[in-house]
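Here the structure is laid out as structure tokens; the discussion comes afterwards.
The values are calculated or read from the model by the stated rules, or taken from the named source; none is laboratory data. Since the structure is predicted, the reported quantities are computational estimates derived from the model, not experimental observations. Because the Cβ atoms are built from the backbone with ideal geometry, glycine has one as well, and the counts that use them run over all protein chains shown. The area values use the complete protein model at the heavy-atom level, side chains included, leaving out ligands, DNA and RNA. Shrake-Rupley method; radii C 1.70, N 1.55, O 1.52, S 1.80 Å.
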Amino acid sequence: MKSIIKKLTNKRVSCDKANSWLGSYISSLLLITVFITGIVLGVRRLGGLQALELLTYDWMVNLHNKNEVDPRILVVEITDKDIEQYNSYPITDNVIAQLLKKLQQHQPKAIGFDLYREVAYPPGTEALRKELQKDNVTVIQLIGTGDNSLSAPPGVKQEQIGFNDVVIDVEDNILRRNLMYLQFGEEETQEMYSFALRLSLKYLEDYNLEFQVHDDSLQIGSAIFPDLKANSGGYQIEPRETAGWQVLINYRSPNIAHRVTLSEVLAGDVSPDLIKDKIVLIGTSAPSVKDIYSTPYKGAKGSMPGVIVHAQMVSQILSVVLDDAPLFWFWSEGSEVLWIWIWSLLASAIAWRLRHPLSIIIAVIGSIGGLWTICFVTFAAAGWIPFVPAAMALAIATASVLGYQALYNLFYDSLTGLPNRSLFIKRLKELKQRRFKSNGFVAVIYLDLERFKLINDGLGYQAGDRILIATAQRLQEQLNSKAILARVGADEFAIAFKTNEDTVEAIQVANKLERELAVPFKLSEQEIFTSASIGLVFNRLHENFQSEELLQASHTAMYQAKASGKSQHKVFATKTHEQALERLQLEADLNQAIANQEFELYYQPIISLTTGSLNGFEALVRWRSPSRGFVSPGAFIPIAEETGLIVPMGKWILEAACRQMQQWREKYLQAESVMMSVNLSSRQFAQPDLIAQIQEALIVTQLEPTNLKLEITESMVMDNVEDTIVLLNQLKELNIKISMDDFGTGFSSFNYLHRFPTDTLKVDRSFVSNMSQGDKNTEIVNIIIILAHRLGMDVIAEGIETEQERKILQDFNCEYGQGYFFAKPLSAKDATELLVQNTRWEAQREQD
């Protein structure tokens, strides 16, 4: 039982460590979103976003224009033409009285008189007063601010008077709110109704609906009109600006009512059906009178006469009471905070999950489009929810998370959460700056995960990522909390820690890590085996040291361990350091050699074993350095491969060999059938423009493709078999010969050999030299030759050094051979002499 508990505990701790960095990273992202939400809310609370929110509201009003006409309302407007016709403004009391009489003849349910008449404009003043005192007439007064107040016409009862004061948004002077009701006084409350409310209640009298005033709403029957708050919807205004009981005007159409002119009514040109049982509003629409208000509508529709504004308000009240139309609703402040934070979270998810900048831009634009759609659909359902703060939080959070990621990635590995090379060096420097007085050591371990490329290529990069994460987790479990662990390369990790008086402790840590990484990983029930090459370096804490040099030294020791055989560790030594410096100098000299063309080609003859005649040459590069003298190909070719310098070098070799072959063909008739073999490196073979390079070499040198043979190795063709087959077929289309070099040194290509369009198989020198050691070795060579012939290829045997080897190969029907038995690699001059003499090799070795 104890062992089970221990295993479960270890597993839990392991999971906790594996997720700790992820939890920390996500916590940081959450804190960013909370911080940004707080900033956006703060700016909003100060009113910094209100102008944009109101602009958004206006856009939605225009997009949601229904072009509805309320059949319950008729507007009688006094136009500039009416004023010209009656040659005065204000229109005389006599004309207005006639208008009212004419309307009353058709039995309107209510008449709203939206003209100030506290002063008489005779003649007809008495007649007008009688008309205005009728029960179904509602008149206006202006409460104003004292000096600019205007009274209702004399003799009109209080219940027929409604105030004409409106609330304008000071940011842009646009009318969006309807002030419906006011109360004054503390001991004796005086109540005042808006003109639109008085007129609506007059129309609703037959419905027997009770009007009630509550602290935060008005109520007509069962319809409730919630009072607009200082922070409702996109508003962030002073509480005093929401005095009284206000609602947001629901602009459904710029032309909400039928409109006729004063002249048309007096002339009898208006259908009685437009008046009977309707609300008739009388007011001026003449621009010269300047009774115009700015509304959310754009263009000419945005300027609305006061009488039409009242029609909008009356229509909204009637629609809510009689048609169950919704009033604008708003979220609570807490809901709006959550709403804005959700969009910040979405932004952080976009920036965290997506990598490509274009993908992030598209996702953000799509998210803002989705936000707009949600807000507009909600607006169509009479809801006003924040768009601008949410969009701003989305944009700012995306930029902030990307900035955080960029900063994080400067010092941390995004996959494992470990410090990267830069932070490792920084922390190593901090360790140095503590100036320990002890005689202990700082140890740096450099660890390279073996077989990682094979795992990545075979199982995919996702499996490789999981291996790296699991490796980081295992390393963390084996190290104490004070150790510095970092990922410093694709499959490389560095560790720094303090040790005691001797170096045994660090070596024990290296051994422990080596054993831990030898334990197979489990991916989808499949065991994956890995190992590690480890480099180790020490430096006394009280001695001065450079962090970069320590890391480089451990890296050098790791490569020494790798060269000695995998799954080893090596301690850095001065000799190793000197070897590393020598290698760096060799790389520098090699770069210079390419620039200065210090290379020359040697040519090893390839001889027909049947006739003894020259069949071709293999071009081999030699380097004669001005400072180093002759440099062995075994010393510089691997470095050229590793650094990529083999690519320009290979291009030069190809052109030089083709040029030499063409010169021989032009001068010597016997060179017409001679073949020039050129080795391709794995780096060259992987170049996307390889075909173009070869074509260019043939064109520049004018060599016939039939005189060129390209040699490739087994390992090169097995990296990507299908692509290799396509590439070899393209080379064959150029009439170039293909030879597989060093055949038999691996086992991977046997299954695919019949699919490769090769012309020649070269038997590796190791098989040729081993023929003298037993019949089995001889039989292997025989089988390779038989296999090649069965597949339609000829055979070249490398490394022939004795008459016995030549004789055996000849008996096996091997077509060609090369090696010191025939000739060593020759300079261009000596190779030319060979062609001139038309040398033949008989059964006995040719003597120099």
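Before moving on, here are some points about what is shown:
- Placing a label point 7 Å from the Cα of residue 827 along the Cα-to-Cβ direction, the residues of the range 582-609 with a backbone N closer than 16 Å are 598-604.
- Ligands, DNA and RNA are left out, and with a 1.4 angstrom probe the accessible area of the range 273-411 is 42 Å² per residue.
- Average accessible surface area per residue within the range 577-724, 1.4 Å rolling probe, Å²: 45 Å²
- Look at the alpha carbon pairs under 8 Å that are at least 6 residues apart: their mean separation over the length of the range 238-340 gives a relative contact order of 30 percent.
- Residues residue 69 and residue 430, FRET efficiency given R0 of 51 Å [Cβ-Cβ distance, rounded to 0.05]: 0.10
- Legend: calculated FRET efficiency, residue 271 to residue 240, from the Cβ-Cβ distance at R0 = 41 Å, rounded to 0.05, equals 0.30.
- Remark: accessible surface ordering of 193, 251, 668, 121 (largest first) is 121, 668, 193, 251, probe radius 1.4 Å.
- Efficiency of FRET between residue 224 and residue 147 - r from beta-carbon atoms, R0 51 angstrom, step 0.05: 0.90
- Fully extending the segment from residue 189 to residue 726 would add 183.7 nm, taking 0.36 nm per residue of separation and subtracting the current Cα-Cα distance.
- Cα lying deepest toward the dipole's positive end in the range 405-488, options 424, 456, 408, charges on Cβ: 424
- Taking label points 7 Å from Cα along the Cα-to-Cβ direction, residue 813 and residue 734 give a separation of 3.2 nm.
- Dipole orientation for the chain: of the candidates 265, 447, 75, 447 has the Cα lying most toward the positive pole (charges on Cβ; Lys, Arg +1; Asp, Glu -1).
- Length released on extending from residue 35 to residue 673, taking residue separation times 0.36 nm less the Cα-Cα span: 221.7 nm
- Ordering of 40-48, 105-113 by burial proxy (mean other Cβ atoms within 10 Å per residue, highest first): 105-113, 40-48
- Here the contact order of the chain, divided by its residue count and restricted to Cα pairs under 8 Å and six or more residues apart, works out to 9 percent.
- MRE, 222 nm, helices only [DSSP H, n ≥ 4, -39500 (n - 2.57), over the chain, to nearest 500]: -14500 deg cm²/dmol
- Cut-off 20 Å (backbone N to label point 7 Å along Cα→Cβ of residue 45), residues of the range 332-353: 332-345
- Given (i) 1.66; (ii) 1.15; (iii) 1.04, the label whose value is Cα Rg over 2.2 N^0.38 Å derived from this model: (i)
- Separation in nanometres of the label points that stand 7 Å from Cα toward Cβ, at residue 715 and residue 478: 2.7 nm
- Near residue 467, once Lys and Arg are set to +1 and Asp and Glu to -1 for all other residues with Cβ below 11 Å from its Cβ, the sum equals +2.
- Surface composition of the chain: carbon and sulfur atoms hold 52% of the protein heavy-atom accessible area at a 1.4 Å probe.
- Approximate spin-label separation residue 836-residue 546, in nm, with each point projected 7 Å along Cα-to-Cβ: 5.6 nm
- Using the 1.4 Å probe convention, the accessible area of the range 464-514 works out to 42 Å² per residue with neighbouring protein chains retained.
- One decimal place: the segment residue 80-residue 118 gains 11.4 nm when fully extended, by the rule 0.36 nm per residue minus the C-alpha distance.
- Beta bridges per DSSP with both ends in the chain, % antiparallel, nearest 5: 55 percent
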